[in-house]
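Each reported figure results from applying straightforward, stated rules to the coordinates on display, with no laboratory input. Everything quoted here is computed from the prediction, not taken from an experiment. Cβ sites come from the backbone with ideal geometry, for glycine too, and all protein chains shown count toward neighbours.
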Amino acid sequence: MAAKPPPARPHIGLHSSFNARSNADWGEDDVWDSGSDSESPRQSTISNSWRLPPRRQSSPITAPKPVPRASSNSSSSNVSFSYTHLSAPSPGSYPSNADTAQPAKGGWTMVRKSGTSQDALGAKLPKDVDLNGDVDVDSDMVVGDFEPEMEQAAGADTKAKPDRGSVKSDAIELMNDPFHRFLRSPQPPPEPRFNHRMGHSPRSSDAEKLLRENSIRTNRRIKFIDCLSKDDVNITELRKLAWAGTPNDLRAAVWPILLGYLPLPSNLRASTLARKRGEYSSLVELAFARDRQGLDQQIWHQIEIDVPRTRPGVRLWMQASTQRSLERILYVWAIRHPASGYVQGINDLVTPFFQVFLSAYIDSDPEEFDTSLLPTAVLSAVEADSFWCLSRLLDGIQDNYISAQPGIQRSVKRMAELVARIDAPLYAHLESQNVEFMQFAFRWMNCLLMREISVKNTIRMWDTYLAEGADAFSQFHLYVCSAFLVKWSEKLRQMDFQGIIMFLQSLPTQDWGDHEIEMLLSEAFVLNSIWHNAQSHFNAK
């Protein structure tokens, strides 16, 4: 019997003047909700209504084919766990020929949904406590192009479209050689300017501080460029520089080298990029050659649920073209890793890579950028580079996502043992309140703290993780999570069970910047230096 097709993606017809950051319906908690599995029956007035970004530039890289959506009359489903482990597809789900249907014409419409959070651990908690800290959003959101008649219907009330961002003039050249701009004409960051005419000249001490900080940033950037300009990059030197943070405009070149995606010799990078991007394009063609019928329905169904919930309220991740890229990345990774398949939380791990690589081609905030503006070849390159870097990251922590997720189980157990030694009063209080570490730390390990801090903070933290080496996302992350918990020790010791759980699932980290992240990393480094070689501390009962 053929597998029942998953329900169609619910869409929202959203006016182009929508401001995700100022909309009162989207709170900070909503921004990070991608873990809820509850899904109610959905109906769409326009079915199969999505399209890839228009082709703007010719390129040897083939744009991935769209996957037609199923009928909107599918039934609902409830998944038991907040983080669902799904098996890999059978060999029969691999397509054998290409027969891509044309995407249907249409716009977006809104479908409201309701749902209840699931208790991933089966613990008996108060009804208003969600162990995973995720609340279902009012609706799944996608920003797409309206049909002409929808635009005309708005009439004179239509507001001016907001700035959707701008693409760099040399984006195609940069795509083929990501090192060319800063190596050919390295420009230091602009010096701070003061408005003397308006009487806003800072005090002398403030001006000196700004100039000193600017000088430090400029010197660090010069060191990075000097390291990357060598015919054969000294990886030890690059790791040392990246540990303290990488300049924003250099990450798209630094991260692939630290991950091993790009080779150290400069003369091999262009050919490696072309080969790996072509390989990814071939994988997409193979995976989606038979359209929807050739997909593993269980995996695809869960991906369709999770993708619209990846950072709802952030314009970049509400764009239809961005969501299609994320779907392809997740599905291709899942079928290439049969030991794990797709597991919820992996969708979050794509976002830092996608934003870093996107930043290389645009002159605006990536979180506010409309990816349909990108040349098709550039968007394909961003997608391919994100896929391969995600694969490199997950290679080191794949036991976090295989059946029973033993990597996470082990890390949470070690974290509890470590906290018992570095903050005994906190550990004793948690124990007296019957708080188990699995009730809050599971998500910290599964999503690498991405539900607790912003993507910008995550990107800064990953500078250090990548500099630490291949084991950082499991080993060093353990000490980061321990330092993160102990940071709130005084407050937590004044709370009961319900207060602890509620506080830990909505931590006051919304205003965190680089300083707070760097302090956390420094504290984790100290813990790692003291305890990493003292393995006996992990043997407590």
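Report the relative contact order of the stretch 407-541, percent, no decimals, based on alpha-carbon pairs under 8 angstrom and at least 6 residues apart.
Taking the mean separation of contacting Cα pairs over the length of the stretch 407-541, I get 35 percent.
Which of rounded, prolate, oblate describes the stretch 327-373, given a ≥ b ≥ c as roots of the alpha-carbon gyration tensor eigenvalues and a/c under 1.5 marking rounded, otherwise prolate only if a/b is larger than b/c?
prolate
Decide, for the stretch 413-541, between rounded, prolate and oblate: order the square roots of the alpha carbon gyration tensor eigenvalues as a ≥ b ≥ c, take rounded if a/c falls under 1.5, and otherwise choose prolate if a/b is larger than b/c, else oblate.
Since a/c reaches 1.5 but b/c is at least a/b, the shape of the stretch 413-541 is classed as oblate.
Tabulate in residue order the Karplus-calculated ³J(HN,Hα) for the stretch 166-174, using 6.51 cos²θ - 1.76 cosθ + 1.60 with θ = phi - 60°, rounded to whole Hz; enter x for Gly and Pro.
The phi angles translate into 9, 9, 5, 5, 9, 4, 5, 4, 5 Hz.
Just to confirm a number: summing +1 for Lys and Arg and -1 for Asp and Glu over residues other than VAL526 whose beta-carbon lies under 15 angstrom from that of VAL526, what do you get?
Once all neighbours under 15 Å are counted, the net charge is -2.
Cα centroid distance between the stretch 243-319 and the stretch 406-430, in Å?
The two parts, judged by their Cα centres, are 34 Å apart.
Taking a ≥ b ≥ c as the square roots of the eigenvalues of the Cα gyration tensor of the stretch 467-523, is the shape rounded (a/c under 1.5), prolate (a/b larger than b/c) or oblate?
Prolate is the answer for the stretch 467-523, as a/c is 1.5 or above and a/b outweighs b/c.
How high is the relative contact order of the stretch 236-365, given as a whole-number percent (alpha carbon pairs under 8 Å, six or more residues apart)?
It rounds to 23 percent for the stretch 236-365.
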